[in-house]
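The values are calculated or read from the model by the stated rules, or taken from the named source; none is laboratory data. Bear in mind the structure is a predicted one, so any value in this text is a computation, not a measurement. Just the protein is used for accessible areas: all its heavy atoms, side chains included, with ligands, DNA and RNA removed. Shrake-Rupley method; radii C 1.70, N 1.55, O 1.52, S 1.80 Å.
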Amino acid sequence: MSRMLPGVLTLTTDFGYRDHYVGAMKGVVASLAPGVQVFDITHDVPSFDIAEGAFAIAQAWRSYPDATVHVVVVDPGVGSSRAPIAAAAGRHFFVAPDNGVLSQVLESVGTSSIRRVETRHGLRAISRTFHGRDLFAPVAARLAAGLKFEDVGPSMAEPVRLPPVAVAAGIGAVLHVDRFGNIVTSFRQEDLAAGAGLEIGGRIVGSRADSYADAPEGELFLILGSSGYVEISLNRGSAAASLRARAGAHVALARSRSGQGV
């Protein structure tokens with residue numbers, strides 16, 4: 001895998017910005033790998049929500065150049081027996097806890113190499129509560145600065161995986177609700193035949209639009225989002241608030257009389 005210098009490193013966490021956590025991780029990277037470029041994907045993953053973290057990194061990682069190192073820390077099991085892992089997948093590197101947060105990335109690339117991170121690559125003193133700073137940021141910084149992936153630690157057969165997001169028997173789920181209230185479902189365009197709608201919370205949404213502005217204000221509709229998934233949206237409003245929808249909620253195929261193809 002080719003490496004572009006200076007290295008590129010991204011951060012995805014549920015840490016938010018109120019506390020010092022993100023800043024401390026960036027400080028470790030700056031100390032261990034001066035010149036490495038650090039980018040924030042998001043720090044607003046809902047607390048402890050591994051599935052949302054998996055969605056966030058899966059949507060963003062391909063926007064970065066080959067050999068980028070992605071740190072993903074949504075880690076309710078910090079300090080427990082869960083393993084710290086690194087993955088080489090899709091010509092990128094990922095460093096994360098082994099709790100399923102890399103599931104969607106690994107599903108999308110098919111072939112990957114997984115290694116258990118050895119603690120010798122972390123800081124001298126590793127706390128039981130902040131592996132983002134003490135272990136994940138250091139090993140990612142070293143990878144971005146040129147550490148060989150094979151030297152991270154021993155290989156692993158298979159990491160923890162979340163259930164696949166694919167639709168089965170006409171049943172899918174809400175993968176994500178963005179800040180505008182758009183409901184990102186696990187349905188792809190090809191999952192919806194002509195005339196089909198989606199049912200969520202006892203309501204069927206069947207109208208379709210090619211852009212958010214194409215739909216009348218106040219009307220729920222389906223749209224193919226930039227993620228490649230079908231969204232349930234509300235022009236100038238929050239579909240999630242209207243339907244009281246949250247990530248993880250069930251969504252089902254339903255017959256609808258309205259709308260054209262997405």
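Based on alpha-carbon positions alone, could you give the equivalent ellipsoid semi-axes of segment 78-159 from the gyration tensor, as √(5λ), descending, whole Å?
They are 20, 15, 10 Å, listed from largest to smallest.
Give the distance, in whole Å, between the Cα centre of segment 47-75 and the Cα centre of segment 114-186.
Going from one Cα centre to the other spans 7 Å.
With all pairs of different alpha carbon atoms counted, what Kirkwood hydrodynamic radius in Å does the chain show?
Result for the chain, one decimal place: 19.5 Å.
Using alpha-carbon pairs under 8 Å, 6+ residues apart, how would you state the relative contact order of segment 58-181 in percent?
That works out to 26 percent.
In sequence order, what are the phi-derived ³J(HN,Hα) couplings for segment 190-207 according to the Karplus relation 6.51 cos²θ - 1.76 cosθ + 1.60 with θ = phi - 60°, rounded to whole Hz, with x for glycine and proline?
Whole-Hz 3J(HN,Hα) from phi for segment 190-207: 6, 7, 9, 6, 4, x, 7, x, 10, 10, 8, x, x, 10, 9, 10, x, 5.
How big is the shadow of the Cα convex hull of segment 97-221, averaged over all directions, in nm²?
Mean orientational projected area (segment 97-221, Cα hull): 12.0 nm².
Before I look further, what does segment 210-253 give for accessible area per residue, probe 1.4 Å, in whole square angstrom?
54 Å²
With angles folded into 0 to 90 degrees, how steeply does helix 50-60 sit against the dominant principal axis of the chain? Use alpha carbons for both and round to 10.
90 degrees
How would R208, R244, R133, R124 line up by accessible area, probe 1.4 Å, largest first?
Greatest to least solvent exposure: R124, R244, R133, R208.
Apply the Karplus parameterisation 6.51 cos²θ - 1.76 cosθ + 1.60, with θ equal to phi minus 60°, to every residue of segment 178-186 and state each ³J(HN,Hα) to the nearest whole Hz, in sequence, with x for glycine and proline.
Result, ordered by residue: 7, 5, 8, x, 6, 9, 8, 9, 8 Hz.
Return the long-range amide H neighbours of G172 (sequence gap of 5 or more, or a different chain), with a cut-off of under 5 Å between placed amide H atoms.
V251, A252, L253
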